[in-house]
Amino acid sequence: MSTSIYERLGGEAAVDAAVDIFYRKVLADERISSFFDDVDMDRQRGKQKAFLTFAFGGPNAYAGKDMRAAHARMHLTEQHFDAVMENLGATLTELGVPADLIGEAAAIALSVKGDIVSR
Amino acid sequence: MLRFEGKDYPVEDGESVLDCLLRHGEQVSSLCRSGACQSCLLKASAGALPAVAQLGLKDAWKQQGFFLACVCRPREDLLLERCTAAASHSSQVQRVMALAPNVVSVRLARPAGFDFRAGQFVQLSRPSDGLMRAYSIASLPSEDELELHVALLSNGKMSGWLREAVGQNVSLRGPFGECFYQEGEPDRPLVLAGTGTGLAPLVGVLRTAAQHGHRGEISLFHGSPQLSGIYLRSELEALTESLPSLRLFGSLLSGSESELGAQGRWQFELAPLEQVVFSRHPKLDAHRLFVCGQPTLVQLLRKRAYLAGASLSRIHCDAFAAPHSA
């Protein structure tokens, strides 16, 4: 049994290294920035940290039902989802994460696509 | 359900604790209604609070259950009490002096036992009717008086009263906020940006930095529609004596050729504040920032500072929200 990428990347420290890079990327990405442009930046950063922890296969409180409810009213499209995936990949590449681990993180994030994208 | 002074009030979906109490006819003070001014502080003695309702409060207060009613949308029942922890201090207006065409400095006697850091804010209220406003403290704790900068607004109830209030008693609650100089990092570059009387907390930070012999580069950016609103110019120039690395910038929205460019130690530009700041500081990853003044501008500067690499924990904001008109 293999350990999670979360552990292989270095646990919470890895998420901390990634969260600001990722949050800055999505905030600057005009396709999706409006979804991340929250007056309460600390709370929004916390959400990104939870998302990354989840994508790394780490301990998290993301549950399918909450995830659906939380994203339903945003009416997200496949293009929005793909933009987030791109930024996730770019973040991990920037951190020098090997391609196979990036692939694993992407696969975890993809597994909830059905809960995020509307219809 | 909210239980408040022996009565139960059902909360509507998405309603804040403040709105619920006001809807039921309870008297709860509030100003900004956006989680900034802390006027609506209440205490929950039972029930879990959403984290956002305690954002920016000091840890000791969080542990005691204090929270901001205006941004608290409860997910479970709360047992509420009025806030008595933020002790009230009485003071008296000593002097009022003009700083700019529509800004005065109001100096108050410093109440005994009132501890604060320059740049924090207080809630000042008029004893006769409880009218309340928040003001930042520009003076140092070592002084006998508290210096507040008050914008004179047309029809401003408090500002209209304060400008004539020498000798009057006022009561103060606080101090609140995190806009103050951080000791222990004398070489860190600092960026201070504000509009209007948002200068007051920034002056507090600068005076403290001077007192501590700060060595890192400091840039102060003050924004105003015109040159006459850039106040305390010579006093800030004098601060460069003890802070040789201090640079002073004014952002104006209108001005003649002769008012722009270098003026003494100041540099004036006809450009929006964010442009003046970020043209000089495209990268802020090593900096600590203090951003004060008009709320939408504060939010914009905070976001751009973050995108320029600043850590959120090193961006200190103070949004001067106008009183919410009912």
Q: Give the residue, chosen from A:Arg45, A:Arg8, that is in contact with a Leu (Cβ under 9 Å, 6 or more places away or on another chain), modelled with pLDDT of 85 or more and farther than 19 Å from B:Arg304 by Cβ.
A: A:Arg8
Q: With a cut-off of at least 2 residues that are away from every other protein chain (no Cβ under 14 Å) and more than 12 Å from the chain's Cα centre (by Cα), name the helices (runs of 4 or more DSSP H) lying wholly within the stretch A:1-46.
A: A:5-9, A:12-28
Q: Considering every residue within the stretch B:39-59, establish whether at least one is outside any helix (DSSP H, G or I), more than 14 Å from chain A (Cβ to nearest Cβ), surrounded by fewer than 16 Cβ atoms within 10 Å (Cβ to Cβ) and under 22 Å from the mean Cα position of the chain (by Cα).
A: yes
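Being within 20 Å of A:Val112 (Cβ to Cβ) and among the charged types (D, E, K, R) is the filter; apply it to the stretch A:19-44 and report the residue that is surrounded by the most Cβ atoms within 10 Å (Cβ to Cβ).
Ranking the qualifying residues of the stretch A:19-44, first place goes to A:Lys25.
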Q: May I ask you to list the residues in the stretch A:70-119 that are touching a residue at least 40 places away in the same chain (Cβ under 8 Å), over 17 Å from A:Ile21 (Cα atoms), of a type in the set (A, V, I, L, M, F, W, C) and in a helix (DSSP H, G or I)?
A: A:Ala72, A:Leu101, A:Ile108, A:Ala109, A:Ile116
Q: Among what's in the stretch B:131-149 and is of a type in the set (A, V, I, L, M) and in contact with a strand residue (DSSP E or B) (Cβ under 7 Å, 6 or more places away or on another chain), pick the residue that is farthest from B:His212 (Cα to Cα).
A: B:Leu131
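Output the residue which, of all residues in the stretch B:11-38 that are on the phi > 0 side of the Ramachandran plot and more than 22 Å from the chain's Cα centre (by Cα), is nearest to the other protein chains (Cβ to nearest Cβ). Explain how you work it out, then say what you get.
Of all residues in the stretch B:11-38, those on the phi > 0 side of the Ramachandran plot come to B:14, B:25, B:33, B:35, B:38.
With the extra rule that they be more than 22 Å from the chain's Cα centre (by Cα), the set shrinks to B:14, B:25.
On the way: B:Gly14: 12, B:Gly25: 30 Å.
If we take residues in the stretch B:11-38 being on the phi > 0 side of the Ramachandran plot and more than 22 Å from the chain's Cα centre (by Cα), then B:Gly14 is nearest to the other protein chains (Cβ to nearest Cβ).
Check whether at least one residue in the stretch B:64-71 is assigned to a loop (DSSP other than H, G, I, E, B) and of a type outside the set (D, E, K, R), and report yes or no.
So in the stretch B:64-71, the residues assigned to a loop (DSSP other than H, G, I, E, B) come out as B:64-65.
Filter again for of a type outside the set (D, E, K, R), leaving B:64-65.
Yes, that holds for at least one residue.
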Q. Among strands (runs of 3 or more DSSP E) lying entirely in the stretch B:216-317, which contain 3 or more residues that are within 14 Å of another protein chain (Cβ to nearest Cβ), in contact (Cβ under 8 Å) with a residue 24 or more places away in the chain and surrounded by 15 or more Cβ atoms within 10 Å (Cβ to Cβ)?
A. none
Q) Restricting attention to the stretch B:1-47, which residues are free of Cβ contacts under 8 Å to residues at least 40 places away in the same chain and within 23 Å of B:Glu178 (Cβ to Cβ)? A) B:Gly35, B:Cys40, B:Ala44
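The values are calculated or read from the model by the stated rules, or taken from the named source; none is laboratory data. Small disclaimer: the values here were computed from a predicted structure and weren't measured. For neighbour counting, all protein chains shown are included, and Cβ atoms are generated from backbone atoms with ideal geometry for every residue, glycine included.
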